[in-house]
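Working notes for the structure below.
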């Protein structure tokens, strides 16, 4: 259905356009003097980092975490690999040998790679994880000289992730 | 000719019975199980223990439906309603549809408050002791328990007591791992081993919620058909060691193909992801293999990803381009008199490849042309007495199956034969000594893996494995079936038929085939038994050929 756009009725000052230009100039001049007075609002990155200013919900690099008993939480169910929109995640699963203290978990990732060139920091991996094993931490400055460097392998992901206590306790001794 | 063809009904007349399914009257042959009548009517009934090829013990209770029987008058005859159909008395309690045989005038409701409440209740009971293993369970993604709990489950448990603990990761056979906590006691595996494999090693012990599936003391589930129990297990209780933790099933691409390990030609599904075959499972075809296949055949695919796969054409053991390799091979073959060249093909090749091999032999004038027979001891079920999957096809295309091998071997030994073309076989298995191969002036080999013949090849052409090519084969019963491409061949390896076509053109033979369909068309035009058939016409279930000269039997 077609509808008519109501145009605002402009008065003479608005039609002239110049008062608005002058208003803009005034604002700029005000900021110029504020800066000259030493009240600077620009952050001098990278000398000054963002880290203290990041909100709680900030989505940085995805990482793998261990639980409070040191068990790697990931059981390599590959749901994050499936959900990942840019297909940044590649997991190679393996069976945990019977001699391992966590043998009852049966499965773990042999290799877990996240291609940080592909990653779009969407957080779907964290959302889909049934084991609370993958979290987006606050690392935002992911750089490297080669493509290979930009691939985070399992060791790197656990190094970034550290330990996170969570509510998944189905693998404890009661199980 | 449709893909949903079923075997022809037996000649004896089976009386048809009238059954009302969800308000509609339909006819089914006597002896049909009620659940089958429902499914045939398009009303899916959830089930775990029922399997179309096994008996119905009725122990999962998932297929509960509401049953109605004709209302009988004083004369013990059904009272008829206004539509001339019996008036139904609906039972107030549910009945299992898998172990109920249909009877005349029976009615069934597959939905409604009673049925839905029953399904929700059964689902809740089945999930009471089920572990939260889905993230590590191989069945996740193709698990009936997952599927039906989405449809009929509650989403949360009301069960406050401790779950029953049962053995996990139990090694019950060479190829199978059992997880008893995941088992829902459907007994499909037990019935399969009793009724189909006739190796009764599985059974339940203990009672109630402590019921446990186990193997008979001192025995193991090592039967060559044991992996079929993994296929029919509706949950992740039985898992295959070979496929265990390899890949989640939702990543797998399924390609319909056929088994090439023997003359039976069992129908299979090749599951692959990104160029890697992860597992092979049987595909239902009641004309050939029902729902089953032997373990030894389904596990025989890892060689496709062998590190030693031939990936580059070699001329005198040095890498070459395809153009150079083909022209060198053609020049070498043409440098001999036809009587001094022999050709060994393989009954493991498809019809199309054998047809082009025959064309190549004709173009070169080769008379000494044979395939290697592979007699073996079958098991009387799905492993036939012939280790070649396409002996029938080779015979149909007029190849000798083994009759000329000794003459070829003698010719190579005496030096009468100076050039040999070997397609997909190891010449040393055909009675030719390895030393004699080294003395040949020309040895052109087309194969996928190195063997005792390949080091002596003057030209070595890398070809495709069974999951990497399309084509057709004819099984021992005379059924022509299709292979389909699941993955691409490694490196520079090419389709066998393309290699043969290029060789034919290079030696001056006819061309005119640019696709596998055209090869088939050319073959069908020259072969009476294949008249009227096309690659697409073969369909997913194959077509039975009349090989004795009678017209081809029409399919349903």
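The values are calculated or read from the model by the stated rules, or taken from the named source; none is laboratory data. What you see is a predicted model; the values in this text were computed from it and never measured. With ideal geometry, Cβ positions are generated from the backbone for all residues, glycine too; neighbour counts draw on all protein chains shown.
Here is a list of conditions, (1) surrounded by fewer than 21 Cβ atoms within 10 Å (Cβ to Cβ); (2) assigned to a loop (DSSP other than H, G, I, E, B); (3) over 18 Å from the mean Cα position of the chain (by Cα), and residue B:236 meets all of them except one; can you say which number that is?
Result: residue B:236 fails condition (1) only.
Per-residue answers, yes or no, for (1) touching a residue at least 40 places away in the same chain (Cβ under 8 Å); (2) within 14 Å of another protein chain (Cβ to nearest Cβ):
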| position | (1), (2) |
| --- | --- |
| B:90 | no, no |
| B:93 | no, no |
| B:98 | yes, no |
| B:129 | yes, yes |
| B:155 | no, no |
| B:196 | yes, no |
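Could you please find all residues in the stretch B:224-233 being surrounded by fewer than 24 Cβ atoms within 10 Å (Cβ to Cβ) and assigned to a helix (DSSP H, G or I)?
B:231, B:232
I'd like the full set of residues that are under 25 Å from residue A:117 (Cα atoms) and loosely packed, with under 10 Cβ neighbours inside 10 Å, limited to the stretch A:54-76.
A:55, A:56, A:57
Can you name the residue in the stretch A:101-113 that is within 12 Å of chain B (Cβ to nearest Cβ) and surrounded by fewer than 18 Cβ atoms within 10 Å (Cβ to Cβ) and, of all such residues, is nearest to residue A:156 (Cα to Cα)?
If we take residues in the stretch A:101-113 being within 12 Å of chain B (Cβ to nearest Cβ) and surrounded by fewer than 18 Cβ atoms within 10 Å (Cβ to Cβ), then A:110 is nearest to residue A:156 (Cα to Cα).
Report yes if residue B:522 is surrounded by fewer than 23 Cβ atoms within 10 Å (Cβ to Cβ), assigned to a helix (DSSP H, G or I) and under 19 Å from the mean Cα position of the chain (by Cα), otherwise no.
no
With the condition kept exactly as written, say whether any residue in the stretch B:463-477 is in a loop (DSSP other than H, G, I, E, B) and surrounded by fewer than 18 Cβ atoms within 10 Å (Cβ to Cβ).
yes
Yes/no matrix, rows are residues, columns are (1) buried (at least 18 other Cβ atoms within 10 Å of the Cβ); (2) touching a helix residue (DSSP H, G or I) at 6+ places or on another chain (Cβ under 9 Å); (3) not in a helix (DSSP H, G or I):
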| position | (1), (2), (3) |
| --- | --- |
| B:123 | yes, yes, no |
| B:140 | yes, yes, yes |
| B:157 | no, yes, yes |
| B:160 | no, no, yes |
| B:165 | no, no, yes |
| B:174 | no, yes, yes |
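Find the strands (runs of 3 or more DSSP E) located wholly in the stretch A:88-175 whose residues include 3 or more that are touching a strand residue (DSSP E or B) at 6+ places or on another chain (Cβ under 8 Å) and more than 29 Å from residue A:51 (Cα to Cα), and list them.
Because the criterion is at least 3 residues that are touching a strand residue (DSSP E or B) at 6+ places or on another chain (Cβ under 8 Å) and more than 29 Å from residue A:51 (Cα to Cα), the strands (runs of 3 or more DSSP E) in the stretch A:88-175 that meet it are A:89-95, A:107-115.
Inspect the stretch A:14-36 for any residue being within 14 Å of chain B (Cβ to nearest Cβ) and either loosely packed, with under 15 Cβ neighbours inside 10 Å or in a loop (DSSP other than H, G, I, E, B) (or both) and give the result as yes or no.
Looking through the stretch A:14-36, none of the residues is within 14 Å of chain B (Cβ to nearest Cβ) and either loosely packed, with under 15 Cβ neighbours inside 10 Å or in a loop (DSSP other than H, G, I, E, B) (or both).
Scan the helices (runs of 4 or more DSSP H) fully inside the stretch B:293-382 and keep the ones with 1 or more residues being within 18 Å of residue B:495 (Cβ to Cβ).
Fully inside the stretch B:293-382 and qualifying: B:322-334, B:351-364.
Just one of the numbered conditions (1) away from chain A (no Cβ under 14 Å); (2) free of Cβ contacts under 8 Å to residues at least 40 places away in the same chain; (3) more than 12 Å from the chain's Cα centre (by Cα) is not true of residue B:280; which one?
(3)
When both residues are 6+ apart or on different chains and their Cβ atoms are under 7 Å apart, which pairs have a first residue that lies in the stretch B:493-521 and is outside the structural domain of residue B:421 (by TED's automatic domain parsing), and a second that is in a loop (DSSP other than H, G, I, E, B) and buried (at least 22 other Cβ atoms within 10 Å of the Cβ)?
No pair meets every condition.
Do we find that residue B:435 is assigned by TED's automatic domain parsing to the domain that holds residue B:538, under 31 Å from the mean Cα position of the chain (by Cα) and either surrounded by fewer than 23 Cβ atoms within 10 Å (Cβ to Cβ) or more than 30 Å from residue B:197 (Cα to Cα) (or both) in this structure?
no
Would you confirm whether any residue within the stretch B:211-218 is closer than 28 Å to residue B:288 by Cα and either outside any loop (DSSP other than H, G, I, E, B) or away from every other protein chain (no Cβ under 14 Å) (or both)?
No - not one qualifying residue is present in the stretch B:211-218.
Out of the residues in the stretch B:399-430 that are in contact with a helix residue (DSSP H, G or I) (Cβ under 8 Å, 6 or more places away or on another chain) and loosely packed, with under 15 Cβ neighbours inside 10 Å, state the one that is nearest to residue B:368 (Cα to Cα).
Here the answer is B:416.
Can you find even one residue in the stretch A:73-85 that is in contact (Cβ under 8 Å) with a residue 60 or more places away in the chain and either more than 14 Å from chain B (Cβ to nearest Cβ) or touching a strand residue (DSSP E or B) at 6+ places or on another chain (Cβ under 7 Å) (or both)?
yes
Being in contact with a strand residue (DSSP E or B) (Cβ under 9 Å, 6 or more places away or on another chain), crowded, with 18+ Cβ neighbours inside 10 Å and farther than 29 Å from residue B:391 by Cα narrows it down to one of B:304, B:314, so name that one.
B:314
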